[in-house]
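This report concerns only the one structure given below.
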Amino acid sequence: MNRYFPRLIDNVLSSWKGDAKHKPLLLRGARQVGKSSSVKHLASQFTYYVEVNFERQPQIKELFKGELDVKRITSTLSSLYGIPVEAGKTLLFLDEIQLCKEAISSLRFFWEDFPELHVIAAGSLLEFALEEIPTFGVGRIRSLFMYPMTFDEFMFATGNERLYDEKRNASSIQPLLEILHNRLVELFREYLMVGGMPESVSTWVETHDYLQCQQIQDEIIISYEDDFSKYKKKVDPMLLRSTLRSVVHQIGEKFVYSRISPEYRSVHIKEALDLLRLAGLITPVVHTSANGLPLGAEANEKYVKYLYLDSGLLLRIMSMDMGNINNITEQILIGSAADLVNKGHITEMVAGLELIRYKNSGLRPEIYFWMRAAKNSMAEVDYLLTHEMNIMPIEIKAGSRGGMKSLYYFMEEKHLSFAIRSSLENFGEFTNDDCTIDIIPLYALSNLYK
């Protein structure tokens, strides 16, 4: 279970190591997405590695009390651990740093007073601690956002590097051989069930047993819900739990507050949603009029859909709440492509997660959708991205050309000539007058970032 699987962030961390002006790094993301493992993997590139864990060693907090003299702090740490702390040779890792706000504040002084040293900090629920230190290190600290494993990372973990290369080189002009396409669809089905939490993926690689993966997923869900008690001062833990469960059951739909409980006021539900977003458990997909760039300039937060961070965890929550979900899992594992895409909005959610996670890890996740609600008609485009200074609409579909009425309508209204349809079809394209719609399989959305 200790085997390390390559992550997208590895290259970013290696580049940071080699940068002469390496600001202290803050790894941000939900619990158990692999932050600590990625740092330990990077440590192999250093002569020395010092790991401070404020959860396991709470007494270390005392070292950060009073004057934040980073030279004194590192000298003491070197004595405590018996490991040299030398610029250029040592990686200092401050884990679970959310438990020591003074240590968070110290990061800016590492940049100012000891910039030659490589320092990384990470922790769960970090966003809450950072809210209480609003100017902790503006311009002096670099943040990286980390997520569960993407489908590409899942492919590498399951030993499908060559298949990844084939996928990466395919295009609408040069589709995959059908046998390769079918294998990728099969892998994508596995990914929907296993999800991207590293421990679940590791369990799948070792056992190929969905039940054992589900046990891991259940444990992760319980640990997330146990964390809710830590938000007590801000929001009722029961409201947080109810709100998160409601997000799961409204995946792919405009989020409706009243479906949670009439007992809670909208303002309190909004607070719960904000906290779940800060914890990295959900990501808003916000409506925009999309008349120009940036897309956020015309965002309308009255119309929001939410993505839950992991498909495997989502299926386990659905199973806990609804009991037997064999019909859903059957569609994922053996259903037709059209059934898989059109049932439960799970694939639409995973597509949104994929689109976010291949973007720059130094940016906060942002994604938008568009809809036009008129009497007796509704048009909606699932996702909008910015590509080469243009708006790129993406529709998650399976089926015939006739299923793209909303996409064509949007393109005509916004005077766009290019769009993406993502499905479980092979690579291809549709052309219509001056419009081109590329078909990018759901398993190949990372190709958009080549």
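The values are calculated or read from the model by the stated rules, or taken from the named source; none is laboratory data. Every value quoted in this text rests on a predicted model; they were computed, and no experiment measured them. No Cβ is skipped: glycine too gets one built from the backbone with ideal geometry, and neighbour counts run over all protein chains shown.
Tell me which residues, restricted to region 236-247, are surrounded by 20 or more Cβ atoms within 10 Å (Cβ to Cβ) and of a type in the set (A, V, I, L, M, F, W, C).
LEU239, LEU240, LEU244, VAL247
Those residues that are over 21 Å from PHE369 (Cβ atoms) and either touching a Ser or Thr at 6+ places or on another chain (Cβ under 7 Å) or not in a helix (DSSP H, G or I) (or both), I need them from region 401-429; list them, please.
GLU425, ASN426, PHE427, GLY428, GLU429
The conditions are (1) modelled with pLDDT of 90 or more; (2) within 27 Å of GLU412 (Cα to Cα), and ALA374 fails exactly one of them. Which is it?
Going through the list (1) modelled with pLDDT of 90 or more; (2) within 27 Å of GLU412 (Cα to Cα), ALA374 breaks only (1).
Can you tell me which condition LEU184 does not meet? The list is (1) in a helix (DSSP H, G or I); (2) more than 21 Å from ILE439 (Cα to Cα), and all the others hold.
Failing condition for LEU184: (2).
Within region 196-215, count every residue that is outside any helix (DSSP H, G or I) and not acidic (Asp, Glu).
Result for region 196-215: 3.
For region 225-269, what are the residues that are basic (Lys, Arg), closer than 19 Å to ILE346 by Cβ and either assigned by TED's automatic domain parsing to the domain that holds PHE128 or out of contact with any strand residue (DSSP E or B) (no Cβ under 9 Å at 6 or more places or on another chain) (or both)?
The answer is ARG245, ARG259.
Which ones in region 270-302 are over 18 Å from LEU244 (Cα atoms) and either outside the structural domain of ASP382 (by TED's automatic domain parsing) or aliphatic (A, V, I, L, M) (or both)?
Scanning region 270-302 gives ALA290, LEU293, LEU295, ALA297, ALA299.
Which of the residues belonging to region 216-257 are β-branched (Val, Ile, Thr), part of a helix (DSSP H, G or I) and within 24 Å of GLY352 (Cβ to Cβ)?
Scanning region 216-257 gives ILE216, ILE220, ILE221, THR243, VAL247, VAL248.
Has region 44-64 got at least one residue that is assigned by TED's automatic domain parsing to the domain that holds PHE128, within 23 Å of ASN360 (Cβ to Cβ) and either at pLDDT 95 or above or surrounded by fewer than 21 Cβ atoms within 10 Å (Cβ to Cβ) (or both)?
yes
From the list ALA87, ALA20, pick out the single residue that is at pLDDT below 95 and out of contact with any Cys (no Cβ under 7 Å at 6 or more places or on another chain).
Result: ALA20 is the single residue among ALA87, ALA20 that is at pLDDT below 95 and out of contact with any Cys (no Cβ under 7 Å at 6 or more places or on another chain).
Do any residues in region 128-146 that are more than 26 Å from GLU271 (Cβ to Cβ) have Cβ atoms under 8 Å from those of residues that are among the acidic types (Asp, Glu) and modelled with pLDDT of 90 or more, where the two are at least six apart or on different chains, and which pairs are they?
ARG140/GLU112
Restricting to region 285-313, give me the number of residues that are assigned to a strand (DSSP E or B), in contact (Cβ under 8 Å) with a residue 40 or more places away in the chain and not aliphatic (A, V, I, L, M).
6
(1) outside the structural domain of GLU51 (by TED's automatic domain parsing); (2) in a loop (DSSP other than H, G, I, E, B): which one isn't true of PRO115, the others all being true?
So the condition that PRO115 fails would be (1).
Any idea which of (1) in contact with a helix residue (DSSP H, G or I) (Cβ under 6 Å, 6 or more places away or on another chain); (2) free of Cβ contacts under 8 Å to residues at least 60 places away in the same chain; (3) closer than 30 Å to SER202 by Cα is the one CYS100 doesn't satisfy?
Tallying (1) in contact with a helix residue (DSSP H, G or I) (Cβ under 6 Å, 6 or more places away or on another chain); (2) free of Cβ contacts under 8 Å to residues at least 60 places away in the same chain; (3) closer than 30 Å to SER202 by Cα, CYS100 fails exactly one: (3).
Select from region 70-97 the residues that are touching a residue at least 40 places away in the same chain (Cβ under 8 Å) and either assigned to a helix (DSSP H, G or I) or surrounded by fewer than 17 Cβ atoms within 10 Å (Cβ to Cβ) (or both) and list them in ascending order.
Scanning region 70-97 gives VAL70, LYS71, THR74, LYS89, ILE97.
Would you confirm whether or not region 131-144 contains a residue that is out of contact with any Gly (no Cβ under 7 Å at 6 or more places or on another chain), surrounded by fewer than 18 Cβ atoms within 10 Å (Cβ to Cβ), of a type outside the set (Lys, Arg) and assigned to a helix (DSSP H, G or I)?
Yes, some residue in region 131-144 is out of contact with any Gly (no Cβ under 7 Å at 6 or more places or on another chain), surrounded by fewer than 18 Cβ atoms within 10 Å (Cβ to Cβ), of a type outside the set (Lys, Arg) and assigned to a helix (DSSP H, G or I).
Looking only at region 433-450, which residues are surrounded by fewer than 18 Cβ atoms within 10 Å (Cβ to Cβ) and more than 14 Å from GLU395 (Cβ to Cβ)?
ASP433, ASP434, TYR449, LYS450
Got at least one residue in region 284-306 being more than 23 Å from MET392 (Cα to Cα) and modelled with pLDDT of 95 or more?
no
Would you confirm, using the coordinates I've provided, whether GLY196 is in the same structural domain as PHE430 (by TED's automatic domain parsing), closer than 30 Å to LYS23 by Cα and crowded, with 22+ Cβ neighbours inside 10 Å?
yes
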